[in-house]
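The values are calculated or read from the model by the stated rules, or taken from the named source; none is laboratory data. Because the structure is predicted, anything quoted here is derived from the model rather than measured. Because the Cβ atoms are built from the backbone with ideal geometry, glycine has one as well, and the counts that use them run over all protein chains shown.
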Amino acid sequence: MRALAFAWRSLVRQPARATLGILGVAAVGALLFDMLLLSQGLVRSMRDLLERQDFDVRVTATEALPGTGPVIDDAVAVVATIKALPSVREAVAFRIEDLSIDRAGRRRVRGFLQGVGRGAVQPWTLLRGGNPQGPRELVLDEDGAREAGVAVGSSITIRASCSAERDALPPVTFRVSGIAAFPFDGPDDVTAATTDDGLATACGEREAGMADMILVTAAGDPAAAAADIAAARPDLRAFTNEQMIGRIEQGGFTYFRQISTVLTTVTVSFALLLITVLLTVSVNQRLGEIAALRALGFSRARVVADVFSESVLIVGIGGALSLPLGFALAEGLDRILKRMPGIPEPLHFFVFQPEALAVHATLLVVTAVAAALYPMRIVARLPIAATLRDEVIS
Amino acid sequence: MGVFWAAVVVAAQGQQPPDILVSRQLAEAEGLGVGDVVDLATSAAGANARPFRIAGIYEPTPDPMQLGQVPREVRMHLPDLLSLTRGPDTPAGTEHVDSINIALTDPRDADAFARDLASRMPGVSARSTSNPSFDGNPFVVLERFHLAIAIVTIVAATVFLLALTIMLVDERRETVGVLRLIGLPVHRILGQIFFEGVLIAGVGALFGLVLALGSERLINEFFQWRYNTALIFVRITPEVAATCVAIAVPLGAVATVAASWALLRRGALRLARR
């Protein structure tokens, strides 16, 4: 009988302990799998989100992330300069301000108002209606339309709260030209977007002049476009999506990677310790049986292989079970973390990557081997005659 | 608003420039010290820069919301900041500020005050600084996340604990059988096993707490170094320690008793292999 089949019978003979061991590995394995998904999940999800848009380069006034640093002044001229570059296909100014929507007899709805320069590409997906064409038109997300009770063609009265204007601004009425989905919209956020002139009107400005960032679509290589923009406007900073991810990674995103590293280490150590104890106790209880097998002609390598196979079976079955468990757990944990404010709806903390699966499998294999080392040593050094004698006397 | 600082002037000359405080991180990064005079400007080009004297280096109040962003900050008196940032068309006294900190006579009135202000001054919003437990608070969310992880860990540990106790109890099958044969009732043996479980779980919980206290400093030092912050990431409070013991000890004792119960239901002769 092969070592694996023999180990299987050993496990089946003691179903309670085998089941509990496997379930323990499954639970620990699920946590380990989730930590691996978390380590790169947010960054990968953010990369997907950025790449799903048609913009390759983002231009800001300083190294600060968009919306957290100074604005770009004279945005119209900046956009014109960037658009003139041969490596650039499209450039639009983007500015975001706070918004509240008046509702008759009800509490105001709060959200964000984007002002986007005219261009072939817009940073939203139109669901119904059309894009805003004039300074008194806007597109609104589904949540906003529902909360405000408006549809395409309706009028909506909004009040902007602009960073450049500290006085309370008068309400402005817009026509809803369309309903759109915004990629960076949070689950409870209300977002509206209008033209750059429309936002200037809402902010009580004479004309559109400033932008939080310029969104650029490269004609070819984004890195070349970013370099050209940096050369044309050395006072500004141009970042490709990859560089933007790097900047985000340097910020709070690393927290989850660090947490995942710490928890991965703790989880693997925990699994290693417990499987070692489980196997060691199990082997110690069967010393007489193993000595008898050796006396019957089982080689040392064979009994060692039996113990190793037992470890492989416990970790293997537990590891296989840990994957569906891990996916289910990741779903729940993702839902918890997505309650954080400002997290866009399509962004996920736990994202499946084939690399995570490979690392998970490798860590479990290493755990199975390492956990079996000590019990294998006990079995390999077992004195046959003395053990049998002790067994008979006891 | 960004304030840009330019070349360091080592010695002040003439009239004493206004005092500023510089964050430790900025001082370390740029090699600034108390008594140095620096030029500050509101544009990266350094136009209209004005000299300021560093009166002190301060440790910024740790802000978890700015984790990962090294605080390169300068603090100055508000009139100095307004004077530095005021546009040529803005008459003195008409500048704006980002926020106003308000101390209420009764802090419990914070929500009512915020509502009152919002109705009287549309566009101005007031938020209580002592109400962090709302649903979307990032730290409440993180707390829930860590709690969920802790629950999964406890489940995994319980399963392993049960497997181990089943094996350990099985190892003492003959002893238990003999105890039964010499007349000890089941509840007496179960009581002994229970107290043994409490003892082992208690020692294990204490060991776990010692391990946690030891790693607390390591984890804090690592993350404080990594993020260049004075934030405390892990804190083992008496409440946390009590919760751990309150979960671990009963769990260990119950696992031991549950594992033993199946064994004790068997006949004494069968247990003693007679």
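Side notes on the structure shown:
- Note on the stretch B:136-163: residues that are in a helix (DSSP H, G or I), without any contact (Cβ under 8 Å) to a residue 60 or more places away in the chain and more than 21 Å from residue B:246 (Cα to Cα) amount to 4.
To keep it simple, each residue is scored yes or no on (1) more than 19 Å from residue A:125 (Cβ to Cβ); (2) touching a Ser or Thr at 6+ places or on another chain (Cβ under 7 Å); (3) outside the structural domain of residue A:106 (by TED's automatic domain parsing).
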position	(1), (2), (3)
A:151	no, no, no
A:173	yes, yes, no
A:214	yes, no, no
A:225	yes, yes, no
A:228	yes, yes, no
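So that you can scan it fast, the table gives a plain yes or no per residue for (1) of a type in the set (Ser, Thr, Tyr); (2) farther than 13 Å from residue A:79 by Cβ; (3) over 25 Å from the mean Cα position of the chain (by Cα); (4) in a helix (DSSP H, G or I):
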| site | (1), (2), (3), (4) |
| --- | --- |
| A:184 | no, yes, no, no |
| A:194 | yes, yes, yes, no |
| A:198 | no, yes, yes, yes |
| A:201 | yes, yes, yes, yes |
| A:207 | no, yes, yes, no |
| A:216 | no, no, no, no |
| A:220 | no, yes, yes, no |
| A:225 | no, yes, yes, yes |
| A:229 | no, no, yes, yes |
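- Considering only residues in the stretch B:58-68 that are part of a loop (DSSP other than H, G, I, E, B) and modelled with pLDDT under 80, the one that is surrounded by the most Cβ atoms within 10 Å (Cβ to Cβ) turns out to be B:67.
- Of everything listed in (1) in a helix (DSSP H, G or I); (2) under 26 Å from the mean Cα position of the chain (by Cα); (3) not aromatic (Phe, Trp, Tyr), the single unmet condition for residue B:71 is (1).
- Candidate set: the stretch A:24-68, residues that are polar (S, T, N, Q) and outside any helix (DSSP H, G or I); chosen: the one nearest to the other protein chains (Cβ to nearest Cβ): A:62
Every residue, every condition in (1) at pLDDT 90 or above; (2) outside any loop (DSSP other than H, G, I, E, B); (3) under 31 Å from the mean Cα position of the chain (by Cα); (4) of a type in the set (Phe, Trp, Tyr), yes or no:
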{"position": "B:11", "(1), (2), (3), (4)": "no, no, no, no"}
{"position": "B:17", "(1), (2), (3), (4)": "yes, no, no, no"}
{"position": "B:20", "(1), (2), (3), (4)": "yes, yes, yes, no"}
{"position": "B:25", "(1), (2), (3), (4)": "no, yes, yes, no"}
{"position": "B:38", "(1), (2), (3), (4)": "yes, yes, no, no"}
{"position": "B:45", "(1), (2), (3), (4)": "no, no, no, no"}
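- Flag if residue A:199 is surrounded by fewer than 20 Cβ atoms within 10 Å (Cβ to Cβ) and touching a Gly at 6+ places or on another chain (Cβ under 7 Å): no
- Strands (runs of 3 or more DSSP E) enclosed by the stretch A:72-135 - at least 3 residues per element that are free of Cβ contacts under 8 Å to residues at least 60 places away in the same chain and surrounded by fewer than 17 Cβ atoms within 10 Å (Cβ to Cβ): A:106-116, A:125-129
- Total residues in the stretch B:91-115 satisfying the condition of being modelled with pLDDT of 85 or more and either assigned by TED's automatic domain parsing to the domain that holds residue B:77 or not in a helix (DSSP H, G or I) (or both): the figure is 7.
- Matching residues in the stretch B:84-100 - criterion: being polar (S, T, N, Q) and without any contact (Cβ under 8 Å) to a residue 12 or more places away in the chain: B:90, B:94, B:99
- Within the stretch B:209-260, no residue satisfies the criterion of being touching an Asp or Glu at 6+ places or on another chain (Cβ under 8 Å), surrounded by fewer than 15 Cβ atoms within 10 Å (Cβ to Cβ) and farther than 30 Å from residue B:69 by Cβ.
- Odd one out for residue B:174, checked against (1) under 30 Å from residue A:322 (Cα atoms); (2) of a type outside the set (Phe, Trp, Tyr); (3) within 14 Å of another protein chain (Cβ to nearest Cβ): (1)
- Within the stretch A:136-159, the only residue that satisfies the criterion of being of a type in the set (Gly, Ala, Ser) and in a strand (DSSP E or B) is A:155.
- Under the condition of being of a type in the set (Asp, Glu) and either touching a Phe, Trp or Tyr at 6+ places or on another chain (Cβ under 7 Å) or at pLDDT 90 or above (or both), the residues counted in the stretch A:123-152 number 3.
- Looking across the stretch A:210-244 at every residue that is in contact with a helix residue (DSSP H, G or I) (Cβ under 8 Å, 6 or more places away or on another chain) and within 14 Å of chain B (Cβ to nearest Cβ), the one that is nearest to residue A:195 (Cα to Cα) is identified as A:210.
- Top-ranked residue in the stretch A:260-292 [being more than 14 Å from chain B (Cβ to nearest Cβ) and buried (at least 18 other Cβ atoms within 10 Å of the Cβ); ranked as nearest to the chain's Cα centre (by Cα)]: A:290
- Residue A:321 vs. criteria more than 11 Å from chain B (Cβ to nearest Cβ), without any contact (Cβ under 8 Å) to a residue 12 or more places away in the chain and not hydroxyl-bearing (Ser, Thr, Tyr): no
- Residue check, residue B:128 modelled with pLDDT under 85, away from chain A (no Cβ under 14 Å) and assigned to a loop (DSSP other than H, G, I, E, B): yes
- Answer from B:256, B:229 - the residue that is among the polar types (S, T, N, Q), touching a residue at least 12 places away in the same chain (Cβ under 8 Å) and outside any helix (DSSP H, G or I): B:229
- Residue in the stretch A:242-259 that is farther than 30 Å from residue A:56 by Cα, crowded, with 19+ Cβ neighbours inside 10 Å and either in contact (Cβ under 8 Å) with a residue 60 or more places away in the chain or more than 16 Å from the chain's Cα centre (by Cα) (or both) present: yes
- The one condition in (1) within 14 Å of the chain's Cα centre (by Cα); (2) at pLDDT below 85; (3) not in a loop (DSSP other than H, G, I, E, B) that residue B:261 fails to fulfil: (1)
- Some residue of the stretch B:85-101 being under 28 Å from the mean Cα position of the chain (by Cα), within 13 Å of chain A (Cβ to nearest Cβ) and among the hydrophobic types (A, V, I, L, M, F, W, C): yes
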